[in-house]
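Notes to accompany the following structure.
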Amino acid sequence: MKVLVINTGSSSIKYQLFDMPKGAVLCTGLVEKVGEDESILTHKKYPDSDEEVKHIETNPIKDHTVGMNRVAELLIDPAWGVLGSAKEIDLVGHRVVHGGESFSSTTEITQEVKDKIKELSPLAPLHNPANLIGIEVAEQIFTNARQIAVFDTAFHHSLPEEAYRYAIPNSLYEENGIRVYGFHGTSHRYITKRAASLLDKPLNKLNIVTIHLGNGASMAAIKNGKSIDTTLGLTPLPGLVMGTRSGDIDPGVIFYLNETLGYSLPEIKSLLNKESGLKGLAGDNDMRSVTERAEAGDKEAMLALAIYTYRIKKYIGAYMAAIGAKPDAVVFTAGVGENSAVIRSMSVDGLSHLGIEIDAELNKARGGERKISTLESAVAIWVIPTNEELEIARQAFELT
Ligand code: AMP
């Protein structure tokens, strides 16, 4: 069965074509700068194999419909594609960022589901409208396929009420749905399932702390295989220090910026979402360059790393308390978590009193799923590369 996974952003379309249930990747690609004059489409057939064929084109792609049509053409192109026709696609799995309280699991898309995703757009204004465009364009092109929505919030539906409620007037939750939803759920779910397999534990007995460190970042406390707490909230702004997002701050800072310093609300929104995090602290949201500067003795970069990793360490302690038992493992994933030995090492430094001890040599090794804790460490430390696309393909396949 051919399953196409689509992740549509405001100016991008990321896609992967899977052969399920094998999980083999047939094609993968990215359309960037949709709506600009110099859009870039990068497409690969049989990626990361001996047969890999790569194709790059830079043409103006005026909107998502044009972009997706071009992707469909490439998928059936004799040189770049693997299909005889777009009708061979059986399922399209869509990443949808915000499912609110309405969607606790993967769902087949109907008009009602689309209306609900639209209704939830104020909670994820950068993501849900783009996800919806992706769905509508895919419906027109892949007419034989069933369209499935996989929500980033769904895995965190198991949070208990004491973890998902804010201490604000009840009516704001009851009437307006203001609560913690959490994000990156597809990644946390994938990591949890992989960890159960790697640690050889039944999923419903697995206790871990998952640490997803990409450009966006979040952690989750997993008890008996279920998410019981997570650092992102109503929106993807709180919690860890991110590439350009602040993570936790005192909400009073917002009033101070507005009332005393004269920032407008749109300015504050932009400041906290786009100008803060690593970018705010070190002027750069790419962890590679910030780390290089810190290693060369740049004080600003060193402080940025200290703040970034101190926040992670604090949440490891908090989530061990939330789980209420020594977890089986602490797991790092995503761009920074998979690649940065320095960040992993600083994040768990000084936690041996909690039974967490990293092995400096193992931590330096690169690539793949690997255990990086010492033999004495009561809590294992793992690096598990995330694979959100495969998880979406599996979810879509399993639903049908
Ligand atoms: P993601 O959102 O998962 O694609 O992750 C993007 C982030 O991963 C960016 O901040 C990159 O700088 C970071 N990243 C990628 N490779 C490395 C690396 N080798 N060392 C440190 N950070 C990295």
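Every read-out reported here was derived from the displayed coordinates using simple, explicitly stated rules and does not represent laboratory data. Bear in mind the structure is a predicted one, so any value in this text is a computation, not a measurement. Backbone-built Cβ (ideal geometry, glycine too); neighbour counts: all protein chains shown.
Which trypsin sites (Lys or Arg not before Pro) does the range 26-100 hold that lie in a coil by DSSP with at most 14 other beta carbons within 10 Å? Hits after loop and neighbour filter: Lys62. Tell me, in nm to one decimal, what length is gained between Ser105 and Asn176 on full extension, where the rule is 0.36 nm per residue of separation less the Cα-Cα distance? Residue separation times 0.36 nm, minus the Cα-Cα distance, leaves 23.4 nm. Counted over the range 28-97, the DSSP beta bridges are approximately 100% antiparallel.
In the chain, Cα pairs under 8 Å separated by at least six residues give a relative contact order of 13 percent. Note on the range 225-276: along the principal axes its Cα atoms extend 46, 20, 14 Å, ordered by decreasing extent.
Beta bridges per DSSP, both residues in the chain: antiparallel share near 65 percent.
Here is what passes the span test in the chain: the DSSP H helices with alpha carbon length of 30 Å or more along the helix axis and a Kyte-Doolittle mean of 0.0 or above are 299-323.
Entry for the chain at q = 0.08, 0.10, 0.12 Å⁻¹: log10 I(q)/I(0) = -0.44, -0.70, -1.03, Debye formula applied to identical alpha-carbon scatterers, no solvent contribution. Over all distinct Cα pairs, what is the inverse of the mean 1/r for the range 17-79, reported as the Kirkwood hydrodynamic radius in Å? Hydrodynamic radius (Kirkwood, Cα pairs) of the range 17-79 is 12.3 Å.
FRET efficiency for the pair Arg165 and Asp250, taken as 1/(1 + (r/R0)^6) with r the Cβ-Cβ distance and R0 = 22 Å, rounds to 0.70. If you take the alpha carbon atoms of the range 33-136 and fit the smallest convex hull around them, that volume is 130 Å³ per residue. Dipole check for the chain: with +1 at the C-beta of Lys and Arg, -1 at the C-beta of Asp and Glu, and the Cα centre as origin, the magnitude is about 720 Debye. If you model the range 120-167 as an ellipsoid using its alpha carbon gyration tensor, with each semi-axis the square root of five times an eigenvalue, the axes come out at 30, 14, 5 Å, biggest first. Taking the range 194-337 as the region of interest, the number of lysine pairs whose Cα atoms are within less than 19 Å, with members eight or more places apart or on different chains, is 14. Translational D (Stokes-Einstein, µm²/s) of the range 178-270 at 25 °C and 0.890 mPa s when Rh comes from the Kirkwood sum over C-alpha pairs? Using the Kirkwood radius from Cα pairs, D works out to 166 µm²/s.
The length gained on full extension between Thr143 and Glu119, counted as 0.36 nm times the residue separation minus their Cα-Cα distance, comes to 6.1 nm. Here the range 7-46 is treated with +1 on each Lys and Arg Cβ and -1 on each Asp and Glu Cβ, and its dipole about the Cα centre works out to around 300 debye. Exposure proxy ranking for Thr110, Thr42, based on other Cβ atoms within 10 angstrom of each Cβ and starting from the fewest, stands as Thr110, Thr42. Normalising the Debye intensity of the range 300-400 to I(0), with uniform scatterers on Cα atoms only, and taking log10 at q = 0.21 Å⁻¹ returns -1.09. Listed from fewest to most Cβ neighbours within 10 Å, the set Met1, Met346, Met219 follows the order Met1, Met346, Met219.
Counting other Cβ atoms within 10 Å as a rough exposure proxy, the listed residues Ser171, Ser105, Ser377, Ser11 run Ser171, Ser105, Ser11, Ser377 from fewest neighbours to most.
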